[in-house]
Amino acid sequence: MLDGTAKAEATKEVAASVGRIVHFAGWADKYEQVLGSVNPVASAHFNFTLTEPVGIVGVLAPEEAPLLALMTLILPVITAGNSVVALASRKAPYPSILLGEMLATSDLPGGVVNLLTGDRKEMLSTFATHEHIRAIAAVAQGDDAIALQRGAADSVKRVKLHDPKTDWFSEKHESPYAIRDFTEAKTVWHPVGG
């Protein structure tokens, strides 16, 4: 049973998580207009830069703000069209377990968000070195951050690190440029005329 303060904090975190979900849902059909471009060229061509998802992204959530931080890390990734394998907070896995149950009955296709619980130390190197994981979004510092970056270098994957003292309630996490971190730019040339 939660005391009054804990209940108020949980209510605040759930409300912020719902707001963040709505925010990124709004970007799902708009971010391409911000991140893509039509490029001027000095030839008889149209030149477009489009974004594509990177593939599977590993997410390592922090212990604090177990729902809001997890959603803040997952939402830009799936908005970009990627799939996620996420390791939830070990101290407070219950919000992610409930999230998994809700996702199972939602309209989000199966396999887009895959939630794991377990020991971070045991899974860190797998996230860093697994060949099918193409990017990582993690809350890490010190030895964990170094291990992620070194392991990721072997398979040439992106690593987006967040400080453990991050304010997860901050609106800075609602930037469309968070989506860009999990996309590849593809430039297409198309001839003009006949």
Run the reach check for LYS7 against lysines, Cα to Cα strictly under 23 Å, same-chain hits fewer than 8 apart removed. What comes back? LYS91, LYS165
Quick one: which residues, 5 or more positions from VAL113 or on another chain, have an amide H under 5 Å from its amide H? H modelled 1.01 Å from N in the peptide plane, none for Pro or chain starts. VAL84
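Would you mind telling me the antiparallel percentage of the DSSP bridges in the chain, rounded to 5? Write out the running numbers ahead of the final one.
Details: 12 of 31 bridges.
Counting DSSP beta bridges with both partners in the chain, the antiparallel share is about 40 percent.
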Counting only helical runs of four or more DSSP H residues, what would the 222 nm mean residue ellipticity of the chain come to if each run contributes -39,500 (n - 2.57) and the total is spread over all its residues? -12500 deg cm²/dmol
Would you work out which of ILE133, ALA8, PHE48 lies farthest towards the positive end of the dipole of region 4-191? Charges go on Cβ: Lys and Arg +1, Asp and Glu -1. PHE48
Largest fluctuation, VAL77, VAL112, VAL57 only, Gaussian network model of the chain with Cα springs under 10 angstrom, belongs to VAL112
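What list do you get for ASP29, ASP144 if you sort them by fewest beta carbons within 10 Å?
Details: ASP29 9, ASP144 18.
Ordered from fewest to most neighbouring Cβ atoms within 10 Å, ASP29, ASP144 come out as ASP29, ASP144.
Given 20 °C and 1.002 mPa s, how large is the Stokes-Einstein diffusion coefficient of region 1-141 in µm²/s, with Rh as the Kirkwood radius over Cα pairs?
Numbers: Rh = 16.8 Å.
The diffusion coefficient I find is 128 µm²/s.
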Could you give each residue of region 45-61 its phi-based ³J(HN,Hα) in whole Hz, using Karplus coefficients 6.51, -1.76, 1.60 with θ = phi - 60°, and x for Gly or Pro? 9, 8, 10, 10, 10, 10, 9, 9, x, 7, x, 9, 10, x, 10, 10, 7
Can you list the residues, at least 5 places off or on another chain, whose amide H is less than 5 Å from the amide H of VAL59, using H built in the peptide plane? VAL85, ALA86, LEU87, ALA137
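Taking the Cβ of ARG158 as the centre, find all other residues whose Cβ is under 10 Å away and add up their charges (Lys, Arg: +1; Asp, Glu: -1). Before the final figure, lay out the partial values.
Working: positive: ARG134, LYS157, LYS160; negative: ASP181, GLU184.
Local net charge: +1.
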Qualifying GluC sites (Glu not before Pro) for region 108-193 [loop in DSSP, other Cβ within 10 Å: at most 15]: GLU131
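Every number here is computed from the coordinates shown, using simple stated rules; none is lab data. Small disclaimer: the values here were computed from a predicted structure and weren't measured. As a convention, Cβ positions derive from the backbone with ideal geometry for all residues, glycine included, and neighbour counts pool all protein chains shown.
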